[in-house]
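*Asks:* What follows is a single structure, and I will ask about it in a moment.
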Amino acid sequence: LQQQNQRMKIWKATIIGASGVIFHRSLSSFTQAQCHPKISPYSTELLRINTLKALQGVGHSKRDAEIISNVLMYAELRGNNQGIIKLVTGGLDYDPTCSEIRCMHETKVSAKINGGQRIGMVVLSHSVKIAIEKAKLTGISVVGCSNYASATGALGYWTKQITDAGYIGIVMSQCNEMVAPHGSYEPIFGTNPITIGIPTQPRAQILDMATSASAYYGIKLAENMNQPIPADVAYDVHGRPTTDPSEALKGAIRVFDRSFKGSHLALMVELLAGALTGAAMSDKANAKNWGSLVIVIDPAVLGSREDFLQSAEVMCQRVKNAKLVEGFEEMLLPGERGDRMEAEAVAKGQVSLSEDIYNKLLTLAARMDERQEKE
């Protein structure tokens with residue numbers, strides 16, 4: 001017990017933000033350590049404009065580029081590593097063989113969507129809209145989508161859309177093999193994020209978490225910036241813990257809690273977002289068939305919506321006002337830290353970003369300018 005307490009005192013969880021700043025959260029504070037690459041503030045409006053241009057520069061239609069850009073900016077403003085790094089490292093390149101999104105099966109409360117190899121964010125946008133519309137009519141809906149092979153973005157963006165409509169939202173996604181089950185170093189799971197949104201007031205409670213020790217793009221960002229990762233995040237191809245992000249990307253990421261609980265939660269996401277939706281369960285990288293599941297619930301299906309919201313507020317306030325142990329300054333509710341960062345970025349009209357990443361973004365945006373000149 002004494003050793004366990006000591007480990008808890010020195011425990012640190014590392015969050016690698018898309019801004020290129022590595023945050024270390026200890027039990028006593030949130031401190032910021034600058035990476036070697038230069039970080040500079042950029043206008044949020046210019047960042048949005050150049051992101052749109054860059055997406056069109058790599059081949060996306062204006063409509064799809066707007067959808068993807070909104071998700072990337074949501075992440076960037078909140079210090080989430082699901083932002084611009086995805087675009088500048090080729091994770092959102094346009095697939096010229098893609099087709100229209102289609103509904104393959106539908107009932108009053110459900111739909112199964114074929115993504116047609118479009119960008120995952122575009123497919124999930126389509127699926128969330130269908131789920132919300134069905135929930136308006138039936139009180140509850142389930143929509144699954146598959147046949148895409150690219151990022152669905154910061155999943156909290158999607159449950160925010162659902163809570164903004166007044167509903168409870170649950171969204172989960174699986175992808176290609178990156179994460180090893182606990183006790184193994186063989187990558188089998190995706191990073192398998194899950195988000196749950198509750199439409200409380202004045203702000204919704206939005207849990208958004210990967211079931212892996214780090215998001216893929218958190219490690220990709222560390223590699224891009226020549227930064228080490230914590231020693232307990234990933235294994236190399238031989239099953240040895242590594243701090244080298246390049247070796248981690250060749251090997252396997254660990255589950256978030258380094259235990260069977262996290263491993264089994266990742267498996268459940270794999271089965272619900274993958275097997276249930278028709279996504280691939282083996283050789284997922286080559287199959288290019290990943291999946292997501294969207295569940296929308298109107299609180300009124302179980303009685304009084306007002307009673308639910310009042311009860312939810314009671315519990316949230318109990319957590320918020322809970323007595324603090326030594327080393328903690330405040331109890332944070334789901335999404336609260338991100339909300340504050342977003343509000344600050346919006347108020348300043350600026351977001352911090354690696355100069356290298358921003359310059360790569362400008363290079364992609366220039367493709368759009370060149371295309372317009374030719375036209």
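The values are calculated or read from the model by the stated rules, or taken from the named source; none is laboratory data. Treat the numbers as computed from the prediction; the structure is a model and nothing was measured. All Cβ positions, glycine included, derive from the backbone under ideal geometry; neighbour counts span all protein chains shown. Side chains are part of the model used for accessible areas, which takes the heavy atoms of the whole protein and leaves out ligands, DNA and RNA. Shrake-Rupley method; radii C 1.70, N 1.55, O 1.52, S 1.80 Å.
*Asks:* Can you tell me the accessible area per residue over the range 237-362, all protein chains present, probe 1.4 angstrom, in square angstrom?
*Replies:* I get 58 Å² per residue for this part.
*Asks:* When the dipole is taken about the Cα centre of the range 270-368, and only Lys, Arg (+1) and Asp, Glu (-1) are charged at their Cβ, what size is it in debye, to the nearest 20?
*Replies:* It works out to roughly 340 debye.
*Asks:* What distance in nm lies between label points placed 7 Å from Cα along the C-beta direction at Leu309 and Glu186?
*Replies:* Distance between label points: 5.0 nm.
*Asks:* Determine the order of Cys145, Cys316 by accessible area, beginning with the largest, at a probe radius of 1.4 Å.
*Replies:* Order by accessible area, largest first: Cys316, Cys145.
*Asks:* If you work out semi-axes √(5λ) of the Cα gyration tensor in Å from the coordinates, which of (1) 35, 33, 27; (2) 29, 28, 23; (3) 39, 24, 19 do you get?
*Replies:* (2)
*Asks:* How would Val294, Val314, Val88, Val319 rank on accessible area, largest to smallest, probe 1.4 Å?
*Replies:* These residues rank, largest area first, as Val314, Val319, Val88, Val294.
*Asks:* Express in nm, to one decimal, how much length is gained between Arg258 and Arg102 on full extension, taking 0.36 nm for each residue of separation and deducting their alpha carbon distance.
*Replies:* Once the chain is fully extended between Arg258 and Arg102, it gains 52.3 nm.
*Asks:* How far apart, in nm, are two points set 7 Å out from the Cα along the Cα-to-Cβ line at Asn286 and at Asn321?
*Replies:* If labels sit at Asn286 and Asn321, their model points lie 6.0 nm apart.
*Asks:* Among Met209, Met172, Met315, which one moves the most in a GNM of the chain with springs linking Cα atoms closer than 10 Å?
*Replies:* Met315
*Asks:* Would you mind checking which residues have amide H under 5 Å from Gln350's amide H? H placed 1.01 Å from N; only 5 or more apart, or other chain.
*Replies:* Under 5 Å from the amide H of Gln350 lie the amide H atoms of Thr44, each far enough along the sequence or on another chain.
*Asks:* Continuing with this model, one more query. Determine the dipole magnitude for the range 169-293: charges of +1 sit on the beta-carbon of Lys and Arg, -1 on that of Asp and Glu, nothing else is charged, the reference point is the Cα centre, and the result goes in debye to the nearest 20.
*Replies:* The dipole of the range 169-293 has a size of about 240 debye.
*Asks:* Give, rounded to the nearest 20 debye, the magnitude of the charge dipole that the chain has about its Cα centre when Lys and Arg contribute +1 at Cβ and Asp and Glu contribute -1 at Cβ.
*Replies:* Dipole magnitude for the chain comes out near 320 debye.
*Asks:* Sort 119-129, 198-208 for me by packing, meaning the mean count of neighbouring Cβ atoms within 10 Å per residue, highest on top.
*Replies:* Highest to lowest by the protection proxy: 119-129, 198-208.
*Asks:* I would also like to ask the following. Whole number please: convex hull volume per residue of the Cα set in the range 50-193, in Å³?
*Replies:* 131
*Asks:* While we're here: Have a look at Asn224, Asn70, Asn321 and tell me which one the Gaussian network model of the chain (Cα, springs below 10 Å) gives the largest fluctuation.
*Replies:* Judging by the Gaussian network model, the answer is Asn321.
*Asks:* Starting from the residue with the highest accessible area, list Met268, Met178, Met225 in decreasing order, probe 1.4 Å.
*Replies:* Output order, biggest surface exposure first: Met268, Met178, Met225.
*Asks:* Any idea of Leu293's accessible area? Nearest 10 Å², probe 1.4 Å.
*Replies:* We get 10 Å² for Leu293.
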